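Everything below concerns the one structure shown next.
The values are calculated or read from the model by the stated rules, or taken from the named source; none is laboratory data. Worth saying up front: this structure is predicted, and the values here are computed from it rather than measured. Virtual Cβ from ideal backbone geometry, glycine too; neighbours counted across all protein chains shown.
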Amino acid sequence: MSICNASDDARKRLLDKGVAMMLAGGYHGTGLADILKAANVPKGSFYYYFASKEEFGAQAIEHYLAPFLRRLNERLADPSLNGLQALVAYFRDLAQELEANDFSGGCLLGNLMGEIGDSSPAARAALKKAVDRYRDLMAQGLARAQAEGAVRRDRDARAMADLLFDGWQGALLRMKIERSAEPLKSFVESTLLGACRLDPPPSRRPEGAGAPLP
C-alpha cells in the first residue's frame, strides 16, 4: 500500500470510529485517545490528519452525512419510483434499520446540534452546511414529485423539505425515549404523506344518484 493510500485509510478509520463513538457517547464523551485506540492509529498521529478535535468533529459531520446522501440519491434515481415514493422508501428503510439496531444512536446531526451547535463555531458551520445539503436533496425529490402530480403545489418544495428534516429529528428523539418505531412510522404517514402528498380530488357522483354502496 502506498504512503498516500495508507494515510487515507488511517484517516477514514479515525472518522469511522469517531462517528460511531460520538453516536454512542456524544462529542464531549468521546476522547481522542479512545478514537485513536479504536482506529488502531498510533498516539500522536491525530494532529497529522486534523488540526484539532473541533476540526475533527466538523469533518466527522460531513463523513457521517455522505452515505445518507448517497442512499437518498439512489432512491431518487430509481426509475420505478416517483419522487414521493422514493422519499417514502428512503425513510422507511431508515426506520427499519433503527428498529433492527434497537433504536440506538439516532442521528448524529441532531445529537450534535443539541450538544455543541451553539458552542463550537466550526461545528455549527459544518452542521448548517450538512442540514442544508440534506434539505436541498429532499427538496429536489419533492419538486420532482410536484411535477409528477404526487405532491401538493401550494407549498414550496424547500419549505416542505425543511418540515421533513425537522419532523424526522423530532421523531428520532421520541423514538429514543419510547424505544419504539411508532414515531418514525407516524412521521412517514402524518408528515411526509399527510402534509405533502397531493390527494386525488373526490369523485363526483351524477346528480340525483344515491349514496355510494358500502
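Assorted remarks:
- Subset of the stretch 1-24 that is at pLDDT below 90 and not hydroxyl-bearing (Ser, Thr, Tyr) - its residue that is surrounded by the most Cβ atoms within 10 Å (Cβ to Cβ): Asp8
- The residues listed here are Met175, Met160; of these, the one that is farther than 24 Å from Ala77 by Cα and assigned to a helix (DSSP H, G or I) is Met175.
Here is a yes/no grid of residues against (1) crowded, with 16+ Cβ neighbours inside 10 Å; (2) modelled with pLDDT of 95 or more; (3) touching a Phe, Trp or Tyr at 6+ places or on another chain (Cβ under 6 Å); (4) among the charged types (D, E, K, R):
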| position | (1), (2), (3), (4) |
| --- | --- |
| Leu94 | yes, yes, no, no |
| Ser104 | no, no, no, no |
| Leu108 | yes, yes, yes, no |
| Met113 | yes, yes, no, no |
| Asp118 | no, no, no, yes |
| Ala122 | yes, no, no, no |
| Ala139 | yes, yes, no, no |
| Gly149 | no, yes, no, no |
| Leu163 | yes, yes, no, no |
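- Among the residues making up the stretch 66-85, those that are surrounded by fewer than 22 Cβ atoms within 10 Å (Cβ to Cβ) and either at pLDDT below 95 or outside any loop (DSSP other than H, G, I, E, B) (or both) are Ala66, Pro67, Phe68, Leu69, Arg70, Arg71, Asn73, Glu74, Arg75, Leu76, Gln85.
- Test: residue in the stretch 166-178 that is surrounded by fewer than 16 Cβ atoms within 10 Å (Cβ to Cβ) and farther than 21 Å from Phe68 by Cβ: yes
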